[in-house]
Protein chains: 2
Amino acid sequence: MSTGSAPSAVVITPKALLAHWQGHRRLTRRVIEAFPEDQLFSFSVGAMRPFGGLAMEMISMAAPMVRGIVTGEWDQSVTREARPKQEVLRLWDESTQQIDTLWPQIPPERFQETMTAFGQYKGVVCDMLLYVIDNEIHHRGQGYVYLRALGIEPPPFYERH
Amino acid sequence: MSTGSAPSAVVITPKALLAHWQGHRRLTRRVIEAFPEDQLFSFSVGAMRPFGGLAMEMISMAAPMVRGIVTGEWDQSVTREARPKQEVLRLWDESTQQIDTLWPQIPPERFQETMTAFGQYKGVVCDMLLYVIDNEIHHRGQGYVYLRALGIEPPPFYERH
């Protein structure tokens, strides 16, 4: 096709992908905040995991993934057990800063390289980062249902500032 | 930062982003299929929209967005009303083919251009495409909760083949 995209055309730069993700992370933080303290690690629908557990899964994946991509050291030692909402938010904010610090240290060519994350997930770095982002969006969407089921209006999906 | 990523480094090529999205679309199709016919447009949790309505929203956004980006013509005339599951799946498959045909016609430079989609959403093309993909992941995550609440096991999140 004469109008076909060149395979090397830039769709998303590293800087834009980080900004995109951090926008999502700001929204996810607001979803954590929206949960009542006593429901964060107890309420769920359909015998699924409560949102606090899902948020801790996100925390255990996000900065550790970026750190592993930069350093080759994979540490996912954050536990997913229940803790006060303020502690979840503190860990969230700590992750946000760590991601901002680590991300510019990813060598540009590494995004297309294959790595084995956490000793078990082999894949192209770019795909692994998208997986972490997509997993956050997926579980946050579940958090929206939990909030609605609790009679709480979730934050608007399109607000990422 | 001496180790900082070059702003022009490729994180995702157009071809890779299409493959990523079509992988998500295969999973979303399986979620539509997993709903019992009589629950697709009736069941929901927390007074939210049933999954059939969410799937029709996705159909009304996906191919029409790519077509608009290619042609500058914006048509979102697919209605979101209830219809048989087989008809939703047929429209889904039709969209899949349209996206595959239209996508390679997006000029590479257009991904960074600003357009106004459907006469009202102004943004960078790349961000608008990510929005459509993210919106699909978000609502599909809600579909997972509906399925669990119905006692149905959803398809694995990581299977995109």
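Data for the structure
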{"read-out": "Candidate set from region B:43-75 (those that are surrounded by 14 or more Cβ atoms within 10 Å (Cβ to Cβ) and polar (S, T, N, Q)); member that is farthest from A:ALA149 (Cα to Cα)", "value": "B:SER60"}
{"read-out": "Test: residue in region A:117-124 that is part of a strand (DSSP E or B), within 14 Å of chain B (Cβ to nearest Cβ), of a type in the set (A, V, I, L, M, F, W, C) and under 16 Å from the mean Cα position of the chain (by Cα)", "value": "yes"}
{"read-out": "Qualifying residue in region B:85-96 (condition: assigned to a loop (DSSP other than H, G, I, E, B), more than 10 Å from every other protein chain (Cβ to nearest Cβ) and touching a residue at least 60 places away in the same chain (Cβ under 8 Å))", "value": "no"}
{"read-out": "Selection within region A:26-60 - closer than 15 Å to A:ARG83 by Cβ and hydroxyl-bearing (Ser, Thr, Tyr)", "value": "A:SER42, A:SER60"}
{"read-out": "Any hit, region B:144-156, residues being without any contact (Cβ under 8 Å) to a residue 24 or more places away in the chain, buried (at least 19 other Cβ atoms within 10 Å of the Cβ) and under 17 Å from the mean Cα position of the chain (by Cα)", "value": "no"}
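Each row is one residue, and each column tells you yes or no for (1) within 12 Å of another protein chain (Cβ to nearest Cβ); (2) touching a Lys or Arg at 6+ places or on another chain (Cβ under 8 Å).
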{"position": "B:VAL11", "(1), (2)": "yes, no"}
{"position": "B:PRO14", "(1), (2)": "yes, no"}
{"position": "B:ARG30", "(1), (2)": "no, no"}
{"position": "B:PHE35", "(1), (2)": "no, yes"}
{"position": "B:LEU40", "(1), (2)": "no, yes"}
{"position": "B:GLY52", "(1), (2)": "no, yes"}
{"position": "B:ALA55", "(1), (2)": "no, no"}
{"position": "B:MET65", "(1), (2)": "no, no"}
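Every read-out reported here was derived from the displayed coordinates using simple, explicitly stated rules and does not represent laboratory data. Here the structure is a predicted model, which means the values were calculated and not measured. Neighbour counts run over all protein chains shown; Cβ positions are idealised from the backbone, glycine included.
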